[in-house]
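Undergrad: Below is one structure. I have some questions about it.
Values quoted throughout were computed directly from the atomic coordinates according to the rules given, and no laboratory measurement underlies them. Note that the structure is a prediction, hence the values are computed from the model and not measured. Quick reminder, even Gly has a Cβ in these numbers, built from the backbone with ideal geometry, and neighbours come from all protein chains shown.
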Amino acid sequence: MDMLAPKPVSQHANGASRRSARVSQRNDIMAAPLFRKMLALEQRRCERSGRRFVLMLLDWTSLVNGGTTADLRENVLTTLAQSIRDTDVAGWYEDESIFGVIFTELGDATNQAVSSALLTRVTQALAGTLGIDQIGKIVLSFHVYPEGSSANTGGNSSGSNSLTEEAAPRLSKMVKRVIDVGGSLFLILCGSPLLLTVALAVKLTSSGPVLFRQIRIGRDGRPFSFLKFRSMYNGNDAGIHQEFVTRLIKGDLSADTTQFKIVADPRVTRIGRFLRKSSLDELPQLFNVVRGDMSLVGPRPPVPYEFECYKTWHQKRLSDIRPGITGLWQVKGRSRVGFDDMVRLDLRYVRAWSLWLDLKIMLETPRAVVSGNGAH
């Protein structure tokens with residue numbers, strides 16, 4: 001495919017010329033603000049002409065956090081820059097953590113064919129620079145416009161692939177589902193006195209239904225009815241939370257505000273504050289797990305207006321995995337960390353998922369609940 005032909009690289013260049021090329025390639029990599037502006041411009045062109053383009057995002061956060069040297073990172077950038085055409089646009093989608101390339105002029109190739117060809121080419125290019133363990137720490141995703149996802153519309157990605165890890169074995173996923181259903185039914189049965197006590201407390205302390213139902217976004221962007229014990233006064237204004245979440249995701253809040261929940265929310269009842277602090281308001285989600293909407297362990301499901309504010313890399317936290325009652329964010333950061341850090345914790349969980357990791361998170365959850373750190 002001509003549109004996938006990489007830029008030619010001389011195999012006879014000496015060390016000095018290679019170092020010079022490396023510097024020039026780095027100069028060709030746009031800073032995040034300019035790259036985002038170019039992406040927005042390409043989206044507007046796409047809307048007018050209907051001609052597709054592909055945004056490739058390469059997340060190397062785990063690689064950098066693993067102690068990667070500056071020279072190795074420089075070599076990776078040089079390799080990536082040499083594997084694209086002069087007409088493609090390369091830059092930082094997120095400074096020093098997510099590298100992006102905008103591929104235009106795709107021709108008549110199908111979305112899947114383009115994604116597969118790009119994945120193969122980039123993997124082969126990186127294989128000459130990184131070891132297999134290092135490649136395994138890189139996550140590559142493709143987003144096709146307009147047929148695929150948009151950084152602003154919250155659509156589904158055309159593909160998200162670890163460069164070395166295949167999808168979790170079907171048997172492991174089946175075991176996870178068995179654990180979800182069996183564990184939830186066991187907790188519902190053993191915890192029925194507690195469930196009834198909390199339901200009675202909610203009913204007697206404020207008017208309104210016992211259960212709070214809300215549309216949330218689940219796996220692959222599918223909506224479902226999310227259950228909680230009601231912790232707010234009936235008929236409250238959801239606009240307060242919508243404005244707060246929108247500003248939080250966009251980074252418009254003050255520097256010392258990292259909580260994902262509003263502190264001292266005036267809409268919360270007295271018993272609701274206790275339920276939230278103790279996480280007892282989450283217990284009805286066991287029924288969501290039995291129904292298949294959620295898992296015991298996984299990323300938290302967002303509300304639609306939150307999902308609409310997601311950037312493209314945020315959306316990967318919900319790709320091909322059920323949201324959970326507890327997760328890595330709840331036991332490691334909860335509301336003490338900022339939104340982007342919460343997403344990174346979820347992405348770390350998605351990349352490293354295993355039954356053993358689920359077990360570790362479930363064992364750590366009671367300690368996180370008892371401590372109440374970050375709960376509001």
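Undergrad: Which order do Asp320, Asp340 fall in if you start with the one that has the fewest other Cβ atoms within 10 Å?
TA: Ascending Cβ contact count within 10 Å gives the list Asp320, Asp340.
Undergrad: Still on this structure, I have one more. Give me the percent relative contact order of the range 170-371, please, defined on Cα pairs under 8 angstrom at least 6 residues apart.
TA: So the answer I get is 24 percent.
Undergrad: What does the highest-first list of 281-287, 322-328 look like by mean Cβ count within 10 Å?
TA: In decreasing order of mean packing, 281-287, 322-328 become 322-328, 281-287.
Undergrad: While we're looking at this one, here's another question. Before anything else, pin down the relative contact order of the range 302-367: Cα pairs under 8 Å, at least 6 apart, normalised by residue count, whole percent.
TA: Once divided by the residue count of the range 302-367, the mean separation gives 39 percent.
Undergrad: Let me ask another. For the pairs Lys203/Lys332; Lys176/Lys277; Lys173/Lys360; Lys137/Lys316, flag any whose C-alpha to C-alpha distance is greater than 22 Å.
TA: Violating the 22 Å Cα-Cα cut-off are Lys203/Lys332; Lys176/Lys277.
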